[in-house]
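One structure is given here, and the rest of the page talks about it.
The values are calculated or read from the model by the stated rules, or taken from the named source; none is laboratory data. What you see is a predicted model, and the numbers here were worked out from it, not measured in a lab. When we count neighbours, we look across all protein chains shown, and the Cβ atoms used for this are built from the backbone with ideal geometry, even at glycine. With ligands, DNA and RNA removed, areas are computed over all heavy atoms of the protein, side chains included. Shrake-Rupley method; radii C 1.70, N 1.55, O 1.52, S 1.80 Å.
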Amino acid sequence: MKICIYGAGAVGGLIAGRLAQAGHAVSVVARGAHLTAIRDKGLRILFEEKEIQVKVKAESAPARLGPQDHVIVAVKGQSLSEVAAGIAPLLGENTSIVTAMNGVPWWFFDRLKFGDGKLRLESLDPGGKISAAMPTSRIVGCVVHLAASTPEPGLIRHNMGQRLILGEPGGKNSARTRSLIETLQGAGFEAVESAFIEKDFWVKLLGNVSFNPVSALTLATANRLIADEHVKAYMVAIMRECLAIGRAVGVDAGIDPEARMDMARKLGVFKTSMLQDMEAGKKLEIDGLLTGTLEIARKAGVSAPFTESLAGLARLRAESSGQYR
């Protein structure tokens, strides 16, 4: 199978490496020192102190790679406009676009009964340019439940987890999605089919919208956030607002905040992706996690004061260090 990973960072790089090791024709779109390292030494994956090295075709210009069977988009939300501008050469007649990202996807409303498919998230897709370049008819949503990092250019460290949940918007999955799931299973992932991928995104969002920004503000690992009774109570309040927002638009995560806390507690000491980005001086994924969620809240008429305060604090903190645009 011919698969391109658009954004070969921690998660994208891990997926690329595993798929290449399984024998698929894998290419990556990368840039900077990461691109140079992959070209020079191959893509290196570190797991339990054992390193594997695989050769993948790496380019900064998608036009050099040609049409693919699947394009897996594994970038942060703030990079989506760049992907939209460059993805066209990778798309053949039947190419699927897999969104392996945190937060609310720009296509969230497209197959929901709420709004009859006419609503759009302007905060995530200004002017509809992303939707035009990556139409919902091609989309396969992917919720990522694993952790990885990039200790140095060209090297991906797999920290924990194997689970990938995949499904097409609205819950009507086609043969292409089931084939991709089998492909990912063959590469060692715990890939499963979702009957309603919007729900799975919302379950993940409960943790992302609370743990990620709070960890970036406090520079604390997740276990410390849970251990502080005041911080935990604040995050639970945010989760309850997020649950109410989802239910108002027909997406019930069906999980209690304490149960969601337990999911995080089992992971022990870990740094959220936003904390890693904060420490590395990278742009923070505030819009995909917070701004998009609050836009949905406004459309649904749901009050979310705790989430609003967190969004304001996180945005101002990131602006102060040049990590939000």
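In table form, for the structure just shown:
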item: Residue count, region 107-120 (criterion: open to solvent by 10 Å² or more (accessible area, probe 1.4 Å) and under 14 Å from the mean Cα position of the chain (by Cα)); result: 0
item: Wholly within region 96-203, strands (runs of 3 or more DSSP E) carrying at least 1 residues that are of a type in the set (S, T, N, Q) and closer than 19 Å to SER79 by Cα; result: 139-152
item: Unmet requirement for ARG39, which otherwise passes all of (1) within 18 Å of the chain's Cα centre (by Cα); (2) part of a helix (DSSP H, G or I); result: (1)
item: Condition met for ARG44 (of a type in the set (D, E, K, R), on the phi < 0 side of the Ramachandran plot, at pLDDT 95 or above and part of a helix (DSSP H, G or I)); result: no
item: Given (1) at pLDDT below 95; (2) part of a loop (DSSP other than H, G, I, E, B); (3) crowded, with 18+ Cβ neighbours inside 10 Å, index of the condition ARG325 fails; result: (3)
item: Lone unmet requirement of (1) crowded, with 16+ Cβ neighbours inside 10 Å; (2) over 16 Å from SER273 (Cβ atoms) for THR99; result: (2)
item: Residue within region 121-133 that is within 19 Å of VAL98 (Cα to Cα) and under 14 Å from the mean Cα position of the chain (by Cα) present; result: yes
item: Selected residue [touching a strand residue (DSSP E or B) at 6+ places or on another chain (Cβ under 9 Å), at negative phi and not polar (S, T, N, Q)] from VAL203, VAL251, VAL214, VAL236; result: VAL203
item: Subset of region 289-308 [in contact with a Phe, Trp or Tyr (Cβ under 9 Å, 6 or more places away or on another chain) and either open to solvent by less than 50 Å² (accessible area, probe 1.4 Å) or among the basic types (Lys, Arg) (or both)]; result: GLY292, ILE296, LYS299, ALA300
item: Contacts under 6 angstrom Cβ, first residue in region 135-151 being over 21 Å from PHE270 (Cβ atoms) and open to solvent by 10 Å² or more (accessible area, probe 1.4 Å), partner hydrophobic (A, V, I, L, M, F, W, C) and part of a strand (DSSP E or B), 6 or more apart; result: ARG138/ILE97
item: So VAL56, is it open to solvent by less than 10 Å² (accessible area, probe 1.4 Å), within 24 Å of GLY188 (Cβ to Cβ), of a type outside the set (Ser, Thr, Tyr) and in contact with a Gly (Cβ under 8 Å, 6 or more places away or on another chain); result: no
item: Failed item in (1) among the charged types (D, E, K, R); (2) under 21 Å from the mean Cα position of the chain (by Cα); (3) at pLDDT 95 or above, with ARG247 passing the rest; result: (2)
item: Answer residue from region 158-198, given it is in contact with a helix residue (DSSP H, G or I) (Cβ under 8 Å, 6 or more places away or on another chain) and charged (D, E, K, R) and is surrounded by the fewest Cβ atoms within 10 Å (Cβ to Cβ) among those; result: GLU193
item: Output for region 62-74, where each listed residue is assigned to a loop (DSSP other than H, G, I, E, B), touching a strand residue (DSSP E or B) at 6+ places or on another chain (Cβ under 8 Å) and surrounded by fewer than 21 Cβ atoms within 10 Å (Cβ to Cβ); result: LEU65, PRO67
item: Among (1) open to solvent by less than 30 Å² (accessible area, probe 1.4 Å); (2) within 30 Å of GLY115 (Cβ to Cβ); (3) without any contact (Cβ under 8 Å) to a residue 40 or more places away in the chain - the single one ARG240 does not satisfy; result: (1)
item: VAL231 vs. criteria part of a helix (DSSP H, G or I), touching a residue at least 24 places away in the same chain (Cβ under 8 Å) and within 25 Å of LEU316 (Cα to Cα); result: no
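Residue by residue, here is whether (1) touching a helix residue (DSSP H, G or I) at 6+ places or on another chain (Cβ under 7 Å); (2) among the basic types (Lys, Arg); (3) in contact (Cβ under 8 Å) with a residue 24 or more places away in the chain; (4) part of a helix (DSSP H, G or I) holds:
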position	(1), (2), (3), (4)
VAL269	yes, no, yes, no
GLN276	no, no, yes, yes
GLY288	yes, no, yes, yes
GLY292	no, no, yes, yes
ARG298	no, yes, no, yes
VAL302	yes, no, yes, no
PHE306	yes, no, yes, yes
ALA311	yes, no, yes, yes
LEU316	no, no, no, yes
